[in-house]
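Structure first, commentary second.
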Amino acid sequence: MKAACGALVLALVTVTTAPLLQALGRRLLSMASGSRDPGDPGAPYVPGSLSAAFVTCPNETVAKELARTMVEKQLAACVNILPHVTSIYEWKGKVEEDSEVLLMIKTRSSRIPALADFVRSAHPYEVAEVVAVPVAQGNPPYLRWVWDSVPP
């Protein structure tokens with residue numbers, strides 16, 4: 001009888017704790033591998049999964065049009081428009097100096113190719129600037145908002 005009770009208790013403990021242990025194992029594996037479950041609001045941010053991209057524009061009108069379209073097309077969660085940027089660069093063998101407007105774009109790193117395609121198709125420059133840097137860290141709620149605002 002004792003053996004039967006012991007087996008019953010062991011079976012009961014196994015049935016009730018196995019799902020908890022499996023969930024804990026998945027969580028530990030996720031933390032160790034750095035993977036982020038987008039459906040889990042408590043998941044830690046994975047450095048580099050978001051990027052800040054930069055695009056220069058000839059004027060504020062073009063900058064606003066591009067920025068609004070990027071957000072509407074869900075290529076970006078947010079675009080800051082920084083006016084009065086002076087750019088000095090070499091173009092076709094000559095040093096140029098221009099007043100430009102800078103866009104600072106927050107998006108998923110996986111969306112940078114689509115963002116660059118859009119800028120090339122809509123930008124008035126012959127060669128549009130699109131450079132992106134990965135985001136290493138930041139305010140977790142903000143990073144989560146950017147992640148949630150831009151689909152994969």
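The values are calculated or read from the model by the stated rules, or taken from the named source; none is laboratory data. Just so you know, these numbers come straight off a predicted model, no measurement behind them. Note that we place each Cβ from the backbone using ideal geometry, even for glycine, and neighbour counts take in every protein chain shown. For the accessible areas, the whole protein counts, side chains as well, though only heavy atoms, and no ligand, DNA or RNA atoms are used. Shrake-Rupley method; radii C 1.70, N 1.55, O 1.52, S 1.80 Å.
Structure values in brief
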read-out	value
Residue match in the range 107-116 (condition: more than 13 Å from the chain's Cα centre (by Cα), under 21 Å from R68 (Cβ atoms), open to solvent by less than 30 Å² (accessible area, probe 1.4 Å) and of a type in the set (D, E, K, R))	no
Top-ranked residue of the range 81-106 - restricted to ones that are among the acidic types (D, E) and touching a residue at least 24 places away in the same chain (Cβ under 8 Å), ranked as nearest to T69 (Cα to Cα)	E100
Neighbours by Cβ (under 7 Å, 6+ apart or cross-chain): first from the range 125-152, more than 16 Å from A43 (Cα to Cα); second open to solvent by less than 90 Å² (accessible area, probe 1.4 Å) and of a type in the set (S, T, Y)	E129/T56; A132/S51; V133/S51; P134/S51; P134/S109; V135/S51; V150/T107; P152/S110
